[in-house]
Structures are given as C-alpha cells and as structure tokens.
1. Out of (i) 127; (ii) 205; (iii) 142, which label holds the value of volume of the Cα convex hull per residue in Å³ that was computed here?
2. Quote to one decimal, in nm, the extra length available between E27 and R146 on full extension: 0.36 nm per residue of separation minus the C-alpha distance between them.
3. Among the aspartates and glutamates, which fall within straight-line cross-link reach of K330, defined as a Cα-Cα distance under 17 Å, with same-chain neighbours fewer than 8 residues apart omitted?
4. What list of ³J(HN,Hα) values in whole Hz, one per residue of segment 301-309 in order, does the Karplus curve 6.51 cos²θ - 1.76 cosθ + 1.60 (θ = phi - 60°) give from phi, with Gly and Pro shown as x?
5. If you build a Gaussian network model of the chain, linking Cα atoms that sit under 10 Å apart, which residue out of I297, I23, I323 swings the most?
6. Filter K172/K221; K18/K94; K70/K251 down to the pairs with a C-alpha to C-alpha distance above 23 Å, please.
7. Could you pull out every one of the aspartates and glutamates with an alpha carbon less than 15 Å from that of K283, ignoring same-chain neighbours closer than 8 positions?
8. What is the list of residues in segment 21-47 whose amide nitrogen lies under 16 Å from a point 7 angstrom out from the Cα of Y200, following Cα to Cβ?
Amino acid sequence: MEGFVAESSLTLEEASEKPRSPIAEGEVWGKEWQYAWMFGTVQLPEKAEGQRIVMSLEPGGESTLFVNGKAFGTKRAEWVTVPHHYLVDQTLTKCAHAGDTFEVAMEVYAGHALPRSEFGNCAVGYVFPEEEDGIYGEPIQAKMGRCTYGTWNEEAYQLWLDGQMLYEIMEKADQNSLRVELIEAGLMRMAEVLDLEQPYEQRLAAYREAREMLSGLMQAKNGSSAPEMYAIGNSHLDVCWLWPLEETRRKTARTFAQQLRLMEEYPEYRYLQSQPVLYELCKQNYPELYERIKAKIADGQWIAEGAMWVEPDTNMSSGEALIRQFLYGKRYFQEEFGIDSKICW
C-alpha cells in the first residue's frame, strides 16, 4: 500500500492526485483524529481463475473502501466479537479471471480515545478534538497491518456457520433437554469423521459430507404453536455520538455500499435504513452510491422507513421539536422515494 496522512477531508478524486509514499507493514502512522488515504493494486494470477477472491485488510483503523473508483464498503473497527465478515464481506469478484486488476483505495480513520466516565466506562455525549488533556482516555496510535487477498472457501465457511450455530444453541439451551443431547452427539460424530489434513479437493468433499451429517439438526424446528419470526437487516448510525460529524458522513458510504453488495449476494435479503439525514449526507457526498440505493428502494429490497428526520431523544425534546421530526422526515421519504412512511423508528 502507498498513501499519505490527511489533515482535512478529501474526496477520492482529490486524494488520488496527492503524492504518496509506501506504507510498510508494522509502520505507525498518523495521530488521533487524523485520516490516511491508502492505495493499492490487486492483479490476479492464473491460479485465481474461476475462484471467489476476497481481501484481508488491516490498515490500522475503521476504513471507507473504494474499488475501481466506486464506494465498496468498510473495514470495521476491531471490537467486533466474531470478525469473519472482515473476509467474507470483502469480495472483489465471485468468478475471477487471470489478469483482472482492481484498484483499491481506503480512507482510514486513526481513531481517538473515548471520553471517560466517572463510573469507569466510556462516557456518552459529544467528542471534541480541542478538549484539554484528562477528559479522554489514553491516546491511541494507528499501525499498518498486513493487507492481502486470497481465494474464498465457501464450503468451509458454511460448515463453520452450521457448527458454530449448533454449538451456541447447545451452550444456551436447557442442558437436560433432548435437543442439547442430540446436538452434542451430532457434533461428536462429525468431529470423528471429518479429516482436515487431506489434500484440498478431498477436503472440499469432506466439508460437504460433514454438512450433510449436520443437516438434520439444522432443519429442526420448534413446536407448531411457536410464533413465526422474520429478520431484516438494519444499521443504527448515531449521527453525533462518540465521533465527529465528518466520521458519520464516511460511515454512510461504508455501511450503505456494504449492504448493496450483500443484496446482490443474497436476493432474499431485506434491509431497513431510517434517518433521512443519513440519506442526505450520502446524496451530497456520494451521489453515485445514492443512485444505486434509490434503485434498490424501488425494487423493494432496501426499505426506506422511520418517519423521523433523525432518531431523536424523546425525553428532552419539546413537542414542537418532535412534530418537526415527523414533518421533515415524512416529507423527505415522500419526495425522494415516493414512500409514505408508516413506521416510527
């Protein structure tokens, strides 16, 4: 990767014209509140032919990603408990062709220490770069990690998902239940026959056989009187919380582009996004991405709902303020997307 530390907000086009220097693995860059722009090129070799190619990115902070000039998604912060999406979400191509080239750009946030609470945890409220020392925790420093790419093994991933799901059910359910006993026995049988030391092609077949062994457990249902539930995606983005407003603007690109790619991957997936203020930030700063969102809204896969301009505090706000939240929020949904918002989010 090559790049530079930015002292002010830049567009991708502006950043692309700036001088760059190599950023080596392990190199410490930037200070709190600063950004770095990083650029790299992926050119696929012959052995990538026909494969799904993913990136593994460790630039040192939460990042807004661009691939071939378009908003692509995000490299999340490091506090996520199960970080498998760091890889699966970063798919460059589902079917590679030898010689394909991808230009990758990242706008990386160095981060900042969070305000300290008298109770020992992170405090809530605004954060300001100019505050005096002592209000925030220990300063942090961003460090460049290893950025690479490789082929994705979907069979192994699906087996891991099945096994992890069953294991977590086994841990949480009634330990004296028949369900727990059956899951434990099924996982033990799979572990006894799954040979992970075979050559690659045979190992792929073993993954498929192992999933078949677990299929009965994965298809188990609750009783016929249980309620039927549906799940849709949602991203709650605080507009002003523990980061500057400029960071919220970048979060719209990170989050929204990522969701669009998930919709392409999974046509049955539905996603709800509230807060017209976020749509407007995206429209002003990432117009190409905004047009892609509007197309998905028209298709019904992206659900634009929420009624209120921003997800507000409802205890401190006056009645007049809340009424105007509905007035401006519902009007935006109607004028931009032709939607009469019915849900208060």
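1. Calculated volume of the Cα convex hull per residue in Å³: the matching label is (ii).
2. 41.8 nm
3. The qualifying aspartates and glutamates are E280, E305, E311, E320, D340.
4. These are the phi-based 3J(HN,Hα) values: 7, 9, 9, 8, 8, x, 6, 9, 4 Hz.
5. Sorting by GNM fluctuation, first place goes to I323.
6. K18/K94
7. E246, E291, E335, E336
8. Of the residues in segment 21-47, 44-47 have backbone N under 16 Å from the label point off Y200.
All of the numbers you see were taken from the coordinates with simple rules; none came from a lab. On a predicted model such as this, the values are computed, not experimentally measured, just so you know. Virtual Cβ from ideal backbone geometry, glycine too; neighbours counted across all protein chains shown.
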